[in-house]
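Colleague: This is the structure, below, for whatever I ask next.
The values are calculated or read from the model by the stated rules, or taken from the named source; none is laboratory data. Just so you know, these numbers come straight off a predicted model, no measurement behind them. Here the Cβ positions follow ideal geometry from the backbone for every residue, glycine too, while neighbour counts run over all protein chains shown. With ligands, DNA and RNA removed, areas are computed over all heavy atoms of the protein, side chains included. Shrake-Rupley method; radii C 1.70, N 1.55, O 1.52, S 1.80 Å.
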Amino acid sequence: MWKQFLSKLPRKSSASADSGQCSNGTGIQRTTSCGSIPPGRPASAIRRMSSAVFPSSVVAGIEPLVSFKDVPNSEKQNLFVSKLSLCCVVFDFSDPNKSSVEKDIKRQALLDLIEFVESSSARFSEAAIAACARMCAINLFRAFPPNYRSGSSGGGEGDEDEPMFDPAWCHLQLVYELLMKFIGSSSLDAKVGKKHFDHSFIVKLLNLLDSEDPRERDCLKTILHRVYGKFMVHRPFIRKAVSNIFYQFVFETDRHNGIAELLEVFGSVISGFALPLKEEHKIFLWRVLIPLHKPKSVGLYLQQLTYCVTQFLEKDPKLASSVIIGLLRYWPITNCQKEVMFLSEIEEILESTSQAEFQKCMVPLFRRIAHCITSSHFQVAERALFVWNNDHIISLIAQNRQVILPLVVPALEQNIQNHWNQAVLNLTMNVKKMFSEMDEDLFSSCLDKYKEDEEKRASLELKRKLTWEKLESAAALQPVTGHAAVLVGHQLSANMIATLI
């Protein structure tokens, strides 16, 4: 078909009038590397050329390369369908010189379609909606190359592999822009559109978010948001489908490229939840958002994840204690960078936590913070001590100082005696001074209790050391026979230990 079509076109094409990239007002940067159709061709010539390619039964009597301004309003919907049919042909971009003229023709048709959708005020017919959904599906829904999912790095922060870019992007971006404008158009009847932009279409759209190309994920993020807003009947399904992607990521694959974009969409979705929150929404928080802190690549999407969590707390502040306890359950043990990120998120959550909710979780929380204060990794210790720079948190601590000071003062004293980093020592002294000014009597009693406990610990340590020395001396006097135990380090026979003690 294309060979027959091209036999009627001149082989020499003029260069595009513009070069590089141009903005189109939708956040998509159009590239012009595909070139453009030769300008200045008479409409009659275009009609003659395409009549040999598209029978009237296919294009409803309208030639696909005719401009929208050259047909009456009554025929524009048919021309729209004809151009969509023309754009259903998918080209191979692995060879940039292959079918270059056909690619330019398709690109120009896509630009015409976008312009028509932007300017159209009439309702789209069901045939036009079906044709648009079909064209977008044919062009967009594709399998990614195998190397998209190769390796076991999990997409972590240390993964420095260059993302792969689809060579067909100069067409894909225009299809995405058309879909974005079509879904958002007031001329699209949601009751008709929902039949063609159905569950199957949505699932395939969500699967594309695993693309390594950040430009494609950005387009999909906007389109998903518009689909969620346009088709209310699909909203529960979209939430369920996205939850399944999160479940698979957390509990199975530990790898997905579009988690940040999905969370960004859900940030605005959560902000629109009605009050009181449905149980379904609370389950999404507990079973999806909190476990998303588990993967080692959490740093790639922590900002969006924290925003989603704080949106829930703004809707229902009574969820704060359960969120904090959930974070403590997934607290990193060997990853210091994740600890720093968790401490930052905890501080942000505490800023909107009420006194009643704070009291439900303050004991396990400050046990963990005290452990972080004594961390040998200076960034963890420093970030934990920075919590005392927050006025709201200081207020919460002051009102519950009888519980919190006995947990934190021993950690401060250990830092002063043992920590190697000067910045951490300075911060520790500042917090210690703050506690002393907050309640001098309580601080002194906590300090005395710590010293008393340290003396007991030192006494027990000395007693243990003397006991082992006694055991070693006694073992050295024992003759070695065939049935006698031999002293190897501190391992002695149970009978000898019982006798000596």
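Colleague: Taking into account only those residues within the range 459-496 that are open to solvent by less than 50 Å² (accessible area, probe 1.4 Å) and among the hydrophobic types (A, V, I, L, M, F, W, C), which is modelled with the highest pLDDT?
Modeller: Checking each candidate, the answer is Leu471.
Colleague: Collect the residues in the range 399-418 that are within 36 Å of the chain's Cα centre (by Cα) and surrounded by fewer than 20 Cβ atoms within 10 Å (Cβ to Cβ), keeping them in residue-number order.
Modeller: Asn400, Leu407
Colleague: Separate question: Give me a count of the residues in the range 63-98 that are open to solvent by 30 Å² or more (accessible area, probe 1.4 Å), of a type in the set (S, T, N, Q), in contact with a helix residue (DSSP H, G or I) (Cβ under 7 Å, 6 or more places away or on another chain) and over 19 Å from Gln173 (Cα atoms).
Modeller: 2
Colleague: Oh, and also: Of the numbered conditions (1) part of a helix (DSSP H, G or I); (2) in contact (Cβ under 8 Å) with a residue 60 or more places away in the chain, Gln248 satisfies every one except a single condition; which is it?
Modeller: (2)
Colleague: Now for a separate question. Looking at (1) over 20 Å from the mean Cα position of the chain (by Cα); (2) open to solvent by 10 Å² or more (accessible area, probe 1.4 Å), can you tell me which one Trp388 breaks?
Modeller: Looking at each condition in turn, Trp388 falls short on (2).
Colleague: In addition: Of everything in the range 347-366 that's in a helix (DSSP H, G or I) and β-branched (Val, Ile, Thr), which residue is nearest to Asn389 (Cα to Cα)?
Modeller: The initial filter retains those residues of the range 347-366 that are in a helix (DSSP H, G or I), namely 347-350, 355-366.
Among the residues that remain, those that are also β-branched (Val, Ile, Thr) are: 349, 363.
Details: Ile349: 15, Val363: 20 Å.
Among those residues, the one meeting the criterion is Ile349.
Colleague: Also: Search the range 219-242 for residues being open to solvent by less than 20 Å² (accessible area, probe 1.4 Å) and farther than 11 Å from Leu206 by Cβ, and hand back the single one that is farthest from the chain's Cα centre (by Cα).
Modeller: That would be Phe231.
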